[in-house]
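All remarks here apply to the structure that follows.
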Amino acid sequence: MGALSLHAWRHARADEAQGRCIGRTDLPVDPRRAKRLAHRMRAFARRHALPRIVITSPLGRCSAVGCWLACWGWQHRVDESLIELDFGRWDGLAWSSVPREDIDAWCLDFAEAAPGGGESVGTLLERVRAFDPGEARVVVTHGGWLSAAIWLSRHPDTPPSSSAWPEAPRTGHRVALTLFGRSS
């Protein structure tokens, strides 16, 4: 067992997401944005001789990119483990509508508290740690998933804290990840 390189893109910018707590809310993405991201990913994969396989979250802002790649002959697989953090009753709300004391309580117990009654960061970290891309080297996922992957690459044995949690990459950007304990 060794290390495996993975290229993970955050989905294209979703419509109406600005200022909102968006986890599992399935916001639409302009098809042109999804197609542009798919073009960039295809060119990157060609330059680096990566397999023409993409794995995406089931949410439309990720799977739309996979559908474009599939139109161009790629294998497109959907994997639930790439889905964004579940923010429970906060999901879809403006961040300004989430009570400050609820956010503070989550930050105090960042790894174990479930924001809005949804999913804890600890559970998200377990999902990221267990993700197996098989022979794929290209994925499209979400900001929270990518932050968790970055955390695990930097602090594999340390519980996360809200103050040190990595900022999510911008939409449409790639993160090079190394998954350890996997065959390459």
Net charge near V29: determine it from the other residues with C-beta under 12 Å of the C-beta of V29, scoring Lys and Arg +1 and Asp and Glu -1.
-> +3
With the 1.4 Å probe rolled over protein heavy atoms, the stretch 92-140 has an accessible area per residue in Å² of 48
Inter-site label distance for E126 and S5 at 7 Å from Cα along Cβ, in nm | 3.2
Taking alpha-carbon centroids only, the stretch 1-54 lies from the stretch 129-159 a number of Å equal to 14
So what is the 222 nm mean residue ellipticity for the chain from helices alone, if each DSSP H run of at least 4 adds -39500 (n - 2.57) and you divide by all residues, rounding to the nearest 500 deg cm²/dmol?
-> -10000 deg cm²/dmol
Take each of the peptides 17-26, 170-179, average the number of other beta-carbon atoms within 10 Å over its residues, and list them starting from the highest.
-> 17-26, 170-179
How large, in percent, is the carbon and sulfur part of the accessible surface of the chain at a probe radius of 1.4 Å?
-> 51
Heavy-atom accessible area per residue of the stretch 9-48, all protein chains kept, 1.4 Å probe, expressed in Å², is 59
What is the stretch 41-101's relative contact order, in percent, from Cα pairs under 8 angstrom and six or more apart in sequence?
-> 30
What is the packing order of peptides 144-153, 60-69, 90-99, taking the mean over residues of other C-beta atoms within 10 Å and listing the highest first?
-> 60-69, 144-153, 90-99
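The values are calculated or read from the model by the stated rules, or taken from the named source; none is laboratory data. Model, not experiment: these values are computed from the prediction. We place every Cβ from the backbone using ideal geometry, glycine too, and count neighbours over all the protein chains shown. All accessible areas refer to the heavy atoms of the entire protein, side chains included, with ligands and DNA or RNA removed. Shrake-Rupley method; radii C 1.70, N 1.55, O 1.52, S 1.80 Å.
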